[in-house]
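Right, one structure below, let's go through it.
The values are calculated or read from the model by the stated rules, or taken from the named source; none is laboratory data. Computed from a predicted structure; not experimentally measured. In this analysis, Cβ positions are derived from the backbone assuming ideal geometry, glycine residues included, and neighbour counts consider all displayed protein chains.
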Amino acid sequence: MTANPLFYTKTPVLNEGSPEEKRREILDYFHKTFDIDEQLYEVFADQSAMYNKADPLRHPLIFYYGHTATFYINKLIISKIITERIDSQFESMFAIGVDEMSWDDLNISHYNWPAINEVLAYRNKVRQVIDQLIKTLPLNMPIGWDNPFWIILMGIEHERIHLETSSVLIRQVPLQFLKSLQTWNICSESAIAPQNSLIVVKGQQLKLGKSLNNPLYGWDNEYGIHKATVKPFKASKFLCSNGEFLQFVEAGGYDLKKYWTEEGWNWKTYKEAQHPLFWIKDADNWKLRLVFNEIRMPWDWPAEVNYLEAKAFCNWKAEQTGLPIRLMTEDEWYVLYQQANIPDQPAWDTAPGNINMEHFQSPCPVDKFSFGGIYDLIGNVWQWTETPISGFEGFKIHPIYDDFSTPTFDLKHNLIKGGSWISTGNEAIANARYAFRRHFYQHAGFRYVESDNEVVIPQHLYETDPEVVRHCEAQYGGDFLGIKNYYSQIAEIANQYAGKCKENVLDLGCRTGRTTWELAKEFDHVTGLDFTARNIRVAVQLQESGSFNYLFPEEGELVSYHELSLKDFGFDQLADKITFLQSDASNMKTIFVGYDLVLLNDILDQMYNPRHFLTGVHKRINPGGRLIVATGFDWSEVCTKRENWVGGHREGGEQIWGEDDLSTLLQDTFTKIGGPILVPSVTRINKRKYSYNTIEVTIWEKKE
């Protein structure tokens, strides 16, 4: 088979070469990424299947086809590298793809998906825009976080993530809708599963984490410092093969609760699982489902399972052997990796394992790629670990993709290590840190260890993200300096001016949700929207579990511990009246309509295009409905380009004040019925420091 020229690409080294050499390299990397993403969708013989959910917890495939393109535009808009959208409707419809998060809208009835040829035409326009940017943007070496090319690389590496995750979804589409990809080399090697054994691994002192001058693109969770002392342990020579996992299946492992965690047993019972998802029982024979075809079960290939199944197998194996068998930790994987002296992706001539799509476009036998006597340390399939993902010491959030990592810092997402056959770009480097919900399927299997190293899993997380903590304290911390909590005050004003109908309310800029909860005391249904999932997850956790914990900085290294409870605020009976979702107020989805009241909750001067919002907000409000604008008119070009400010500037030498400009923008569609009301807002910074602001509130009624 002729090698596919789209394979074998590597993430660029960002601190060497001339600007023009690097420009050409990134341009080539971009187009190959765009091409291979589109090639994946050629697998559909019947494109109607792209509109059905392959997995109920994921969007249909048509979403991902558009999502990887809109991501470029949305991030470039936020970073102010470009100012014009290509298609605002597409760039809101295809924007949010967190999938398993409670604040992502997965209700398919909310979407009027466009035709595939329309999405392709949009993708072609995006390709042209990015191509031109790469060719013309000033490029200074080295490329770091604050370089415009970092945002372009962010889009490229994001698209390569979805190459892998979308292939997992396609793997769940019925075969009658698919066709083979002729350029993909599916491994044809198969034999009896090799006998697994445990290999002694030396202990070592470990130091992980990247510095900001690292030469490779990275996601924010890769940076910082983590140190650990790892004692000697034993690791399985091979990944657990299908043949080895079959022993657990045939021993009745799926029917014996004692091997499963509570979470695992609940999942197994709900799914009625009796074997891994991609195994197919055909009379007395087994088959394996690959991305677009089925093959006779290759017993020497790695077993592809979710964490819950891998954990149950280890518990069964521990009982069978009398040994402390479990999954690896992240630290133990890095010990294996470092002791094997594996070159990182940009430094290899040929991939040392079944990774980067260089050898096969499928898994292969677990005894094919040896790394000093232990096989598949990288590649073939990802390896589940016991470690829930969190940030290293010194973790910082990238401002342009501020919710890439932190929504997964919830103890529900476990790290996978080592990459798979389809892991490319950043996914295939040593520092890659990806995590998924434990019930999710990726191209992932596992290696087990016999180890006395402690597995540290905290029982309760205290939020430390500075922005989230600040909003938690401001919203739920109480009344400061004798001034009533702003988020409670604004809800009272909304109730006072609500009018006759109190059915459907939108709290736009809900942050961690306090005002949304307060509004639900008086209104039938309240939707809280925020641009940042980092904030919304507080509100969602309160809604789902009734509590949330955070640490607040008091003085230097001294902190105070805070526990929020719905019951303490009288919100415990309101959860069914509230929906929290993530959305961009400057480019909202069309589903957000039909409101009796819209509260723009102190975010006007943080939006990148508030004028666009204000000129179109009447379309989202019912006739006679109300709009409440609460803002400090605190304009800054860091958040909003000057031409989009509402007031705060001069025209023809005349001063344009925010309240006057606001009236001009709203006067054709609204009548002002209240305000301005000046509402004080106090935010606590630490034990002795506070920030005082005055929020101007005006109330508007939509004209009939």
Go through the range 10-41 and give me each residue that's of a type in the set (S, T, N, Q) and within 24 Å of the chain's Cα centre (by Cα).
T11, T33, Q39
Can you name the residue in the range 18-46 that is among the polar types (S, T, N, Q) and part of a helix (DSSP H, G or I) and is also surrounded by the fewest Cβ atoms within 10 Å (Cβ to Cβ) among such residues?
Q39
Could you give every pair whose Cβ atoms fall below 6 Å, whose first residue belongs to the range 341-365 and is closer than 25 Å to A191 by Cβ, and whose second residue is assigned to a helix (DSSP H, G or I) and modelled with pLDDT of 95 or more, counting only separations of at least 6 or pairs across chains?
I355/A428; N356/A428
Would you tally the residues in the range 489-501 being in a helix (DSSP H, G or I) and in contact with an Asp or Glu (Cβ under 6 Å, 6 or more places away or on another chain)?
2
N214 being more than 28 Å from S370 (Cβ to Cβ) and out of contact with any helix residue (DSSP H, G or I) (no Cβ under 7 Å at 6 or more places or on another chain):
yes
Output yes when any residue across the range 580-594 is over 30 Å from I673 (Cβ atoms) and either of a type in the set (K, R) or in a loop (DSSP other than H, G, I, E, B) (or both), and no when none is.
no
Just to be sure, is N485 surrounded by fewer than 24 Cβ atoms within 10 Å (Cβ to Cβ) and touching a strand residue (DSSP E or B) at 6+ places or on another chain (Cβ under 6 Å)?
no
Does P407 satisfy being closer than 30 Å to R511 by Cα, in the same structural domain as N242 (by TED's automatic domain parsing), at pLDDT below 95 and in a helix (DSSP H, G or I)?
yes
Count - residues of the range 588-628 that are polar (S, T, N, Q) and over 20 Å from A95 (Cβ atoms):
3
Kindly indicate whether any position in the range 388-404 is surrounded by 24 or more Cβ atoms within 10 Å (Cβ to Cβ), in a loop (DSSP other than H, G, I, E, B) and of a type outside the set (V, I, T).
no
Residues that are without any contact (Cβ under 8 Å) to a residue 40 or more places away in the chain and not hydroxyl-bearing (S, T, Y), at least 1 per element: which helices (runs of 4 or more DSSP H) completely within the range 47-146 meet that?
88-93, 116-136
Give the residues of the range 527-551 that are buried (at least 22 other Cβ atoms within 10 Å of the Cβ) and touching a His at 6+ places or on another chain (Cβ under 7 Å), sorted by residue number.
N535, Y550
Counting only residues that are among the aliphatic types (A, V, I, L, M) and surrounded by 20 or more Cβ atoms within 10 Å (Cβ to Cβ), which one in the range 348-387 is farthest from S423 (Cα to Cα)?
V366
Kindly indicate the residue of the range 441-467 that is surrounded by 21 or more Cβ atoms within 10 Å (Cβ to Cβ) and among the hydrophobic types (A, V, I, L, M, F, W, C) and also farthest from the chain's Cα centre (by Cα) among those meeting that condition.
V449
Report yes if R171 is in contact with a helix residue (DSSP H, G or I) (Cβ under 6 Å, 6 or more places away or on another chain) and assigned by TED's automatic domain parsing to the domain that holds N74, otherwise no.
no
Scanning the range 227-257 for residues that are in contact (Cβ under 8 Å) with a residue 60 or more places away in the chain and in a helix (DSSP H, G or I), which turns out farthest from Y375 (Cα to Cα)?
G253
Looking only at the range 657-682, count how many residues are part of a strand (DSSP E or B) and either acidic (D, E) or at pLDDT 95 or above (or both).
12
Single unsatisfied condition, F571 versus (1) within 30 Å of S79 (Cβ to Cβ); (2) crowded, with 18+ Cβ neighbours inside 10 Å:
(1)
Given the condition part of a helix (DSSP H, G or I) and either crowded, with 17+ Cβ neighbours inside 10 Å or not assigned by TED's automatic domain parsing to the domain that holds A432 (or both), answer yes or no: does some residue in the range 197-220 qualify?
yes
Pull out all pairs, ordered by first then second residue, where Cβ-Cβ is under 7 Å, the residues are six or more apart or on different chains, the first lies in the range 16-32 and is modelled with pLDDT of 95 or more, and the second is outside any helix (DSSP H, G or I) and hydroxyl-bearing (S, T, Y).
Y29/T9; K32/T9
Listing of strands (runs of 3 or more DSSP E) fully contained in the range 285-333 that carry 1 or more residues being crowded, with 24+ Cβ neighbours inside 10 Å and either aromatic (F, W, Y) or at positive phi (or both)
none
In contact with a Gly (Cβ under 8 Å, 6 or more places away or on another chain), touching a residue at least 12 places away in the same chain (Cβ under 8 Å), within 24 Å of D402 (Cβ to Cβ) and of a type in the set (S, T, Y): is that true of T516 in this structure?
yes
